[in-house]
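Novice: Would you mind keeping the following structure in view while I ask a few things?
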Amino acid sequence: MYKRRESILKIKDINELQTYANKIRQGVIEAVYSAKSGHPGGSLSIAEILAVLYFNQMNIDEKNPKAKGRDRLVLSKGHTAPALYSTLALRGFFDINELKTLRNINSKLQGHPDMKNIPGVDASTGSLGQGLSIANGMALASKMDSEGVRVYCICGDGEIEEGQIWEAAMTSSHYKLDNLCLIVDNNNLQIDGAVSDVMNIYPIDEKFKSFGFEVINVDGHNIPELISAFEQAKKVKGKPTVIIANTIKGKGVSFMENEAGWHGKAPNEEEYKQAMKELGGAV
């Protein structure tokens, strides 16, 4: 049996984790502004989720990104790559100054995550609806090999309008993937407007319950709630867990919050300066 090496940073101080979430947001704004394109809204809404996963929960080693027994994260909503890149840079997988090269032709940091070129990225994603299927494969392989790996997958609420998500949910439940934790970024906004108007997927919790998931509802910006939810998920046996994280699109930047228009738009210079000022970042 494979025995994995534990490499969890496990920062417990809530204020420190919140500081990391804020730095993740600063990195998102810096990257998208530098690229003059990208997806800030949904990147900002998952900052606390990523801060808790990468600085408190996940067994990963920035010095050995391909370690056999590492935990995995699949960013199924791959267009929010700026948030993942900012997190990986802060964790030490690559130099944080590379965020300014987002979407440049010769940069490894393209608009969607690329597992072949970016240290710390476990799955190439971008076509919405596919990430949970990838995560299922990772989780099942880990159980077959007795690796003890936990697999996390972040989906958008608009993304779960895709039929493949629900086919994958059946698979998660059928194979009793209790090492799988799905997180739904529930900010009720997608590119065309409110999710409830475009294609109503509510109630999300009841749908996943009917598919055999353990369901946990949290405030996706409340770090103690997130930590508690992830710890609770580890104790679930015989079925997968979904954490429905209720979030605010554009969180942390006043003029981006709850505005669908910031789904895929870069700030201009004035907006960049205001956003960084609100986030406490240097300009």
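The values are calculated or read from the model by the stated rules, or taken from the named source; none is laboratory data. This structure is a prediction, so every number in the text was calculated from the model and none was measured. Virtual Cβ from ideal backbone geometry, glycine too; neighbours counted across all protein chains shown.
Novice: Can you list residue pairs whose Cβ atoms sit under 7 Å apart, with the first residue in the range 255-269 being more than 17 Å from N186 (Cβ to Cβ) and the second being of a type in the set (S, T, N, Q)? Count only pairs 6 or more apart in sequence or on different chains.
Specialist: A266/S37
A quick yes/no check of all residues on (1) at pLDDT 95 or above; (2) within 17 Å of I248 (Cα to Cα); (3) assigned to a helix (DSSP H, G or I):
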{"site": "A31", "(1), (2), (3)": "yes, no, yes"}
{"site": "S43", "(1), (2), (3)": "yes, yes, yes"}
{"site": "I49", "(1), (2), (3)": "yes, yes, yes"}
{"site": "N56", "(1), (2), (3)": "yes, no, yes"}
{"site": "G69", "(1), (2), (3)": "no, no, no"}
{"site": "V74", "(1), (2), (3)": "yes, no, no"}
{"site": "L84", "(1), (2), (3)": "yes, no, yes"}
{"site": "L88", "(1), (2), (3)": "yes, no, yes"}
{"site": "F93", "(1), (2), (3)": "yes, no, no"}
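Novice: Run M58 past the list (1) under 13 Å from the mean Cα position of the chain (by Cα); (2) buried (at least 24 other Cβ atoms within 10 Å of the Cβ) and report the number of the one that doesn't hold.
Specialist: (2)
Novice: Of the residues that sit in the range 114-147 and are in contact with a Phe, Trp or Tyr (Cβ under 8 Å, 6 or more places away or on another chain) and in a loop (DSSP other than H, G, I, E, B), which one is farthest from S45 (Cα to Cα)?
Specialist: Checking each candidate, the answer is S146.
Novice: Further, regarding this structure: Kindly indicate whether K77 is touching a Cys at 6+ places or on another chain (Cβ under 9 Å), basic (K, R) and in contact (Cβ under 8 Å) with a residue 60 or more places away in the chain.
Specialist: Spelling it out, K77 is indeed touching a Cys at 6+ places or on another chain (Cβ under 9 Å), basic (K, R) and in contact (Cβ under 8 Å) with a residue 60 or more places away in the chain.
Novice: On the given criteria, is S107 in contact with a strand residue (DSSP E or B) (Cβ under 8 Å, 6 or more places away or on another chain) and of a type in the set (S, T, Y)?
Specialist: When the stated conditions are applied, S107 does not pass them.
Novice: Of all strands (runs of 3 or more DSSP E) completely enclosed by the range 163-256, which ones contain at least 1 residues that are more than 16 Å from the chain's Cα centre (by Cα) and buried (at least 21 other Cβ atoms within 10 Å of the Cβ)?
Specialist: Here the list reads 214-219.
Novice: Go through the range 257-283 residue by residue and tally those that are aliphatic (A, V, I, L, M), more than 14 Å from V32 (Cα to Cα) and in a helix (DSSP H, G or I).
Specialist: 2
Novice: A further question on this structure: Of all residues in the range 149-162, which are among the acidic types (D, E) and surrounded by fewer than 24 Cβ atoms within 10 Å (Cβ to Cβ)?
Specialist: E161, E162, listed by residue number.
Novice: Hey, another quick one. Is it true that some residue in the range 33-41 is among the aromatic types (F, W, Y) and farther than 24 Å from N179 by Cα?
Specialist: yes
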